[in-house]
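Below you'll find the structure, written out as structure tokens, and then a few comments.
Coordinate-derived values only; no laboratory data. Keep in mind the model is a prediction, meaning the values are calculated, not measured. Cβ atoms come from the backbone with ideal geometry, glycine included; neighbour counts cover every protein chain shown.
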Amino acid sequence: MSKALSFSIVISILNLVISLVYAFFQNGSFFIHFINSFFTIGMVYLLVGALLFVTEAGFFNGIIYSFKKLRKSTAKGKYVSNFDDLDDTKEIHEEYNKERRFNSKKPLLIIGGFYCFAGFLLSFLLYS
């Protein structure tokens, strides 16, 4: 069994257990609380997976690089950057050439998307 598949199974079981425990201890309709918690946990997985995807693509590297360039564009920033050894701004492809790989990105996106869609579908079927 691959690591991605075992990670997906663990996330699925964890989501199901958390949703069931949350719905059991809430007052009111068990099924409504189960669907709400199922959707919410799925959305958290989807957002974490999307954050890992954006980080892996290097979006934040460009933002950090632009802040360093902006800092050096002011007179006070140039003076301060002379004493700051962390602010050796090079070209962006020289400074941020490392790629980060997150193995848990794809399972989080798939499972989070599935749970969000399933929660949406179940709530639609419940209320219609």
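Figures for the structure shown
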{"read-out": "Residues SER66 and PHE114, FRET efficiency given R0 of 35 Å [Cβ-Cβ distance, rounded to 0.05]", "value": "0.45"}
{"read-out": "Stretchable slack from PHE25 to PHE53, in nm (0.36 nm times residue separation minus alpha-carbon distance)", "value": "6.6 nm"}
{"read-out": "Fully extended contour minus Cα-Cα distance, from LEU5 to TYR127, at 0.36 nm per residue", "value": "40.6 nm"}
{"read-out": "Pairwise FRET efficiency - MET43 versus SER104, Cβ, R0 = 22 Å, nearest 0.05", "value": "0.85"}
